[in-house]
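As structure tokens, the structure follows; a few thoughts come after it.
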Amino acid sequence: MLDRHPELVHRVVWVDSGPVAAGTIYAPDLPEEVEELPLPPFDVLAQQASLDGLSPEVLERFRARAVPEPGPVLRQRVDLTNDAGRTVPTTLGLRCTSYGWMRQL
């Protein structure tokens, strides 16, 4: 949405994430036969993201509502074509990251 119609976006808020660079491929080595990638087991996810404070009930609801990521989306290149998206006010809500990483965005 931000790349295609930045005029429709008043503010972007990224929470423990950030904008993606043009040309990024999320999973270039994902085998072609993988049609979708489901939410990983919580012990694996906890190595990548904080699940602290989430009750078993919340985690169960989270898993029930999770939608698998389509394999083709993970293998294709992100093409960004509209630099106007960079003019939209942006807020980054990050718990821990380096200033250097943030400056690269």
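Derivation of every value follows stated rules applied to the coordinates shown; laboratory data play no part. Nothing here was measured: the structure is a model prediction, and the numbers come from that model. Positions of Cβ are backbone-derived with ideal geometry, glycine not excepted, and every protein chain shown enters the neighbour counts.
In plain terms, the chain from Val34 to Ser17 could stretch by 3.6 nm, reckoned as 0.36 nm per residue minus the Cα-Cα distance.
Could you give the angle, 0 to 90 degrees to the nearest 10, between helix 56-65's Cα long axis and the longest principal axis of the Cα atoms of the chain? The two axes meet at around 60 degrees. Along its principal axes, the chain has C-alpha extents of 41, 36, 29 angstrom, given from the largest down. Jot down the per residue volume, in cubic angstrom and as a whole number, of the convex hull over the alpha-carbon atoms of the stretch 27-76. Given the Cα convex hull of the stretch 27-76, per-residue volume reads 85 Å³.
Applying both filters, DSSP loop and at most 16 other Cβ atoms within 10 Å, to the trypsin sites (Lys or Arg not before Pro) of the stretch 1-79 gives Arg4, Arg11, Arg77.
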